[in-house]
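> This is the structure, below, for whatever I ask next.
Since every read-out is calculated from the coordinates, none of them should be taken as a lab result. Just so it is clear, the structure is predicted and the values come from calculations on it, not from any experiment. Heads up, the Cβs are rebuilt from the backbone with ideal geometry, glycines too, and the neighbour counts pull from every protein chain shown.
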Amino acid sequence: MRKVLPEILQRTLDQRGRLQDHVTRGKLAEPFIVTHFLVNSWKDHSIPTNLEQIIALLKCVTRAPLENPITVHCSAGIGRTSAFVAVDYANQAIMANPDFTMVQLLKELRKMRFHAVQGGGQYFYIHAGLIELWVSGGIINRDHCKSFLGGYKKICEILNKKVSETP
């Protein structure tokens with residue numbers, strides 16, 4: 001296990017032992033290798049406060065060798081997973097078609113995964129994540145979006161406090 005970024009760990013898991021009892025069509029399933037990135041700081045139903053870190057993770061994932069499939073998953077696979085994937089998906093869609101809208105994004109995600117993106121906080125995160133991705137890529141200037149990103153930080157504090165207080 002190695003630390004890729006603060007609060008993000010990467011480990012390579014050999015699933016051979018875990019799959020020995022898994023049966024597929026009467027045969028033992030083939031073992032496979034998984035590269036696992038673990039984000040300890042992004043709690044269920046919250047939004048990440050450190051956009052730079054999440055965008056760095058997105059870049060790690062998208063630059064990972066394609067020898068094995070890439071899987072992104074949180075506990076249920078609908079909130080954090082779809083919000084994280086949505087940033088990359090929206091970026092690719094907007095670069096291909098500048099008229100692509102975030103409403104289209106949400107509709108397309110929900111065709112693929114029922115209830116994808118759980119609530120306004122995660123929807124807001126997708127917008128902020130896209131901005132951070134474009135800032136880090138030199139597409140837009142951080143000075144032009146300071147107010148929006150400052151608002152995002154405030155929303156994070158409020159929403160994540162509320163989430164942490166929920167039993």
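> How many angstrom separate the Cα center of region 119-167 from the Cα center of region 46-118?
15
> Which net charge results when you count Lys and Arg as +1 and Asp and Glu as -1 among the other residues whose beta-carbon is under 13 Å from that of Gly121?
For residues surrounding Gly121, the net value is +4.
> Further question: Got a sec? How would Val103, Val39 order by Cβ neighbour count within 10 Å, fewest to most?
Lowest count first: Val103, Val39.
> Over region 91-157, what is the relative contact order in whole percent, taking alpha-carbon pairs under 8 Å and six or more residues apart?
Relative contact order comes out at 23 percent.
> What order do you get for Ser75, Ser41 when you list them from fewest to most C-beta neighbours inside 10 Å?
Listed from fewest to most nearby Cβ atoms, that is Ser75, Ser41.
> How large is ³J(HN,Hα), in whole Hz, for each residue of region 158-165 in order, when computed from phi with the Karplus curve 6.51 cos²θ - 1.76 cosθ + 1.60 and θ = phi - 60°, using x for Gly and Pro?
5, 5, 5, 5, 4, 5, 5, 7
> Equivalent-ellipsoid semi-axes (√(5λ), Cα gyration tensor) for region 42-165, whole Å, largest first?
After scaling each eigenvalue by five and taking roots: 20, 19, 15 Å.
> Can you give the FRET efficiency to the nearest 0.05 for Arg113 and Ser147, using r as the Cβ-Cβ distance and R₀ = 30 Å?
0.40
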